[in-house]
Amino acid sequence: MKYQLRESLQRYSLKALSVVSLMACFLVVPGCGGPSNSDGRVITEIVLPTDTLLNLRCQNVGINTETCVLGDPENPFRTTLTLEFNVNDPDADTKFDLAAKLPAGPTGAKSRFYLWATALARFPSGENQWFTALALHELWDAAGDPIIQEQALKAYRSQLDNFFGAVVFFECCAGLIPGDPTRPVPFSATLNELTADNLYRTEATGFARLIPGDPLLAQSVIAQWGYTYRPATAPLFNDGLVFLSVFP
């Protein structure tokens, strides 16, 4: 079964395009791959996989600066824009707009991996690495493939090894800003702590834990990676801490 994602993306300036290493000509050049409508937008359709069988393009696909996913013929996003947020064009469509259009649950898990691995390959960042790891985690939960389990653990470890201090921004709680009842409040969360929490608590993701058994085993694996995790506590689970282990 295939799922068609119909998207309508604004054309971007050359300055904005320079952020991304690989561009899809059919999204930029008129007549190169899809009709353009009267307001200057190019309409495209992406055929998405809905299965949970993932063939890894290379050993480190979805890990840090590895770019092999960009040459994967099974990657539906290899010729699609995955733009980062641009403060100079805050209303432009980004990778998050694409992510929001993907089907929920196992049907969209494989597509989520390809989307975030593509974004990571083009723009290595802690945010892209974390979402790639989370997508692999979800895909393993759906498929039960031990190879995907190992790749998800590698992606989470890469988050700690390569992007330890990275954060991700969320929005919530509209109505808290005086005089602006509809504007949500932006806040950041440290990704090293979210990574450890995803490994430690089933409830953190809703997926089966990548390291089965007693949660203490997750702390043990994190320790083998060179870090110490003090687990978050109820009810908010927002006080977990990850330290770089220092040995005497």
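The values are calculated or read from the model by the stated rules, or taken from the named source; none is laboratory data. Just so we're clear, the structure is a prediction, and the values are computed from it rather than from any experiment. Neighbour counts run over all protein chains shown; Cβ positions are idealised from the backbone, glycine included.
The single condition among (1) buried (at least 23 other Cβ atoms within 10 Å of the Cβ); (2) on the phi > 0 side of the Ramachandran plot that G175 does not meet is (1). Output the residue which, of all residues in region 222-248 that are modelled with pLDDT under 95 and under 18 Å from D161 (Cβ atoms), is farthest from the chain's Cα centre (by Cα). For region 222-248, the residue satisfying everything is F247. Restricted to helices (runs of 4 or more DSSP H) entirely inside region 1-112, those with at least 1 residues that are modelled with pLDDT of 90 or more are 95-101.
Going by the conditions given, is T132 surrounded by 13 or more Cβ atoms within 10 Å (Cβ to Cβ) and part of a loop (DSSP other than H, G, I, E, B)? Against the criterion (surrounded by 13 or more Cβ atoms within 10 Å (Cβ to Cβ) and part of a loop (DSSP other than H, G, I, E, B)), T132 does not qualify. Do the conditions hold for F237, that is, is it exposed (fewer than 14 other Cβ atoms within 10 Å of the Cβ) and among the aromatic types (F, W, Y)? Spelling it out, it is not the case that F237 is exposed (fewer than 14 other Cβ atoms within 10 Å of the Cβ) and among the aromatic types (F, W, Y).
Restricting attention to region 181-205, the residues that are farther than 26 Å from P231 by Cβ and surrounded by 11 or more Cβ atoms within 10 Å (Cβ to Cβ) add up to 3.
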